[in-house]
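Below: the structure, in structure tokens.
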Amino acid sequence: MNTKELAVAIDGPAAAGKSTVAKLVASELAYIYIDTGAMYRALTLKVLREQIPPDDDQAISDLLAKTDMQLEQGDSGQHVLMDGEDVTEAIRSEYVTNNVSHVAKHASVRKEMVQRQRELANKRSVVMDGRDIGTHVIPDAEVKIFLKASVEERAKRRYDENVKKGFTADFEKLKEEIEQRDQIDSKREVAPLVKANDAIELDTTDLTINQVAASVLEEVSKVLETRRDG
Ligand SMILES: Nc1ncnc2c1ncn2[C@@H]1O[C@H](COP(=O)(O)OP(=O)(O)O)[C@@H](O)[C@H]1O
Ligand SMILES: Nc1ccn([C@@H]2O[C@H](COP(=O)(O)OP(=O)(O)O)[C@@H](O)[C@H]2O)c(=O)n1
């Protein structure tokens with residue numbers, strides 16, 4: 001059995017559980033986890049710091065061309081380095097969250113990001129999560145999962161997460177922000193958020209994290225078994 005050759009693509013809307021599940025699955029399989037949302041978030045942080053309007057696609061793609069991004073595995077989880085600076089925390093701010101979909105919608109930005117992501121996924125043994133992984137970044141991924149959950153449940157998850165971190169949170173506002181981001185991500189012209197035809201859809205609304213991870217691992221096992229038999 002060669003587990004080294006699989007790519008697992010996990011897509012879905014905001015707060016569906018993609019990164020939590022992707023990390024668990026990657027850890028179980030000893031694969032690399034690649035958080036593509038973190039790359040769009042890091043670029044957005046830089047765009048905001050440099051006061052570039054999120055609609056200025058030319059200025060943003062010029063900025064991306066001279067921006068180095070690294071995803072590094074540390075003892076306390078994955079760290080996001082932008083031009084050598086650890087921006088792991090900064091990219092999760094509300095300001096970045098509410099601007100990222102505007103930055104991520106530009107064709108030139110996506111072209112460069114997808115190229116960088118494909119290089120990272122080139123050697124397989126990856127679990128990659130995002131919005132367009134199964135449809136565009138790794139269309140030949142052996143396992144494709146589309147995670148969804150009701151917007152109510154997703155807002156509740158983000159709310160609980162914020163409260164745990166000690167942030168004040170307004171549930172209705174969080175829900176609205178999630179809906180707005182999903183809307184922009186789903187309606188954009190280039191590589192919108194959509195389930196790949198061959199992706200397995202999992203509604204996680206009433207499932208625990210461990211149940212979702214177990215379902216994804218089961219899909220991986222099925223592919224590995226088919227290979228062994230074939
Ligand atoms: N199936 C689940 N049941 C309950 N909570 C979940 C589930 N999946 C994820 N969560 C929680 O929801 C929050 C958002 O999950 P996350 O993995 O960040 O979503 P995404 O990467 O899709 O935005 C996290 O706090 C996570 O612990
Ligand atoms: N492959 C990807 C990943 C993220 N994104 C964009 O980046 C944003 C942040 O992604 P994320 O995965 O960090 O978001 P959360 O669902 O974790 O809040 C998304 O809302 C998209 O606008 C994208 O366009 N394509």
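Rounded to the nearest 10 square angstrom, residue 136 shows an accessible area of 80 square angstrom against a 1.4 Å probe. Taking the C-alpha atoms only, the angle from helix 209-229 to the longest principal axis of the chain is near 50 degrees.
Under 19 Å of direct C-alpha separation, and excluding same-chain neighbours fewer than eight residues apart, residue 195 reaches these aspartates and glutamates: 11, 35, 129, 132, 140, 142, 179, 182, 185, 203, 219. Charging the Cβ of each Asp and Glu at -1 and of each Lys and Arg at +1, and nothing else, the dipole of the chain about its Cα centre rounds to 220 debye.
Based on C-alpha pairs under 8 angstrom that are at least 6 apart in sequence, segment 7-206 has a relative contact order of 34 percent. The H on the amide N of residue 200, modeled in the peptide plane, is under 5 Å from the matching H of 144, 145, 146, each at least 5 residues off or on a different chain. A simple spin-label model places pseudo-atoms 7 Å from Cα toward Cβ; at residue 168 and residue 107 they are separated by 4.4 nm.
Under Stokes-Einstein, with the Kirkwood radius over Cα pairs as Rh, the value for the chain at 25 °C and 0.890 mPa s is 136 µm²/s.
With no solvent and one point on each alpha carbon, what is the Debye value of log10 I(q)/I(0) for segment 13-62 at q = 0.16, 0.20, 0.28, 0.32 Å⁻¹? At q = 0.16, 0.20, 0.28, 0.32 Å⁻¹ the computed log10 ratios are -0.61, -0.74, -1.00, -1.16. Using the Karplus relation 6.51 cos²θ - 1.76 cosθ + 1.60 with θ = phi - 60°, the per-residue 3J(HN,Hα) values for segment 32-44 come to 8, 9, 10, 9, 6, x, 4, 5, 5, 5, 5, 4, 4 Hz, with x marking Gly and Pro.
For segment 84-97, putting each phi into the Karplus relation 6.51 cos²θ - 1.76 cosθ + 1.60 with θ = phi - 60° gives couplings of x, 8, 6, 10, 3, 7, 4, 6, 9, 5, 4, 4, 5, 3 Hz, in residue order, rounded to whole numbers and with x for Gly and Pro. Counting heavy atoms of the protein chains alone, residue 225 has an accessible area of about 90 Å² for a 1.4 Å probe. Rolling a 1.4 angstrom probe over the protein heavy atoms with all chains in place gives the chain an accessible area of 52 Å² per residue. Solvent-accessible area of the chain (1.4 angstrom probe, protein heavy atoms only): carbon and sulfur portion equals 48 percent. Largest mean-square fluctuation among 89, 218, 72, in a Gaussian network model of the chain whose springs join Cα atoms under 10 Å apart, belongs to 89. When the chain is treated as a Gaussian network with alpha carbon springs shorter than 10 Å, the biggest mean-square fluctuation among 61, 19, 27 belongs to 27.
The values are calculated or read from the model by the stated rules, or taken from the named source; none is laboratory data. Quantities reported herein were computed from a predicted structural model and do not represent experimental measurements. Note: ideal-geometry Cβ built from the backbone for every residue, glycine included; neighbour counts use all protein chains shown. Just the protein is used for accessible areas: all its heavy atoms, side chains included, with ligands, DNA and RNA removed. Shrake-Rupley method; radii C 1.70, N 1.55, O 1.52, S 1.80 Å.
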